[in-house]
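Every read-out reported here was derived from the displayed coordinates using simple, explicitly stated rules and does not represent laboratory data. Values in this document were obtained by computation on a predicted structure and should not be read as measured data. Quick reminder, even Gly has a Cβ in these numbers, built from the backbone with ideal geometry, and neighbours come from all protein chains shown.
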Amino acid sequence: MKQPEFFNPLSFTALSESLERALMRSELYPMTTVQDESFPGYGIYALFYQGDFPAYHRLSEQNRKNPGSWPIYIGVSSPKTQKGTQWKAEDVDNIQTNLKGGLSERVKHHAKSISEATNLDINDFQCKLLTLSFIWAPVAESAMIAAYEPIWNSYLRGFGNHSQGKGRDNGKQTLWDTLHPGRKMNGIKNSKSADDLAKEVEQVLEITWIQKFRQ
C-alpha cells in the first residue's frame, strides 16, 4: 500500500478550485439583462461570447455547444482603499451597501464598452456572477485565469481599462481597442493592425482549445 494522499482543504489549490467551481456553477445571464441591474456586493464575474466575430469562432463554437463553459474575460470587484487603510475583522464578510465600485457597477462598465465597440454585439454576451468576501476575489481571479486562459485577460489586454493612454507605455492604444474600436478614449494607434491581431488571437484560441477542450 502506498502512502495515502495528503489533503489540506485550506491550501491555495483547494481554495482556488472551490472558488472556480462556485463561479462556473452559478447561473448564466444575458449581458442585456445584467447591464440594467443594480445589487450590492463585491466578487468575481466571467463574461462569455458566442457571436460571429471571425477571430473568436473557436471560442463561440465551444460556448454554443456548452453555454458558459469558456470565458472570454474574468474580472473582480473589490473596495478601493486609501494608503494605510486597516481592515477590521467585521469588514471581511460584510456585504457592501454602497454600489460604487461593486460587482454590478463593474459589469455595467463592461456592457458599455462592448456596446460601444463597432464590431461586437452585446446580445452575443452572457455572464456569470459570484458575490463573495473581497479578500477571496484575487484568489478566484487567479484560479479562473489559469484554468481557462480568457483571451481578453491573457493576450488581448485593455478591455477593463477605465481610461486609455494615461500612464501606459507611450500612451498607446490598447490591443483590445485596436481590434474592437469604438470607445471614446485617448491613446495613439498601436503598432499592430487589427488584421494582425485578429490572426494572432485566432491562433491563440486554437491552441487553448486544443489544450483544454478538445476531447
Plugging the Cβ-Cβ distance of residue 65 and residue 21 into 1/(1 + (r/R0)^6) at R0 = 25 Å yields, to the nearest 0.05, a FRET efficiency of 0.80
Taking placed amide H atoms and a strict 5 Å upper bound, the residues 5 or more places from residue 72 or on another chain that come that close are 47, 48, 49
Karplus-derived 3J(HN,Hα) from phi for the stretch 131-145 (6.51 cos²θ - 1.76 cosθ + 1.60, θ = phi - 60°), whole Hz, x at Gly and Pro, runs 7, 7, 4, 4, 6, 8, 4, x, 5, 5, 4, 4, 5, 5, 5
The extension gain from residue 28 to residue 57, computed as 0.36 nm times the residue separation minus the Cα-Cα distance, is 8.4 nm
Computed from the beta carbon distance with a Förster radius of 41 Å, FRET efficiency for residue 5 and residue 123 to the nearest 0.05 stands at 0.35
Per the 1/(1 + (r/R0)^6) rule, R0 = 22 Å and r from the Cβ atoms of residue 36 and residue 206, FRET efficiency to 0.05 is 0.05
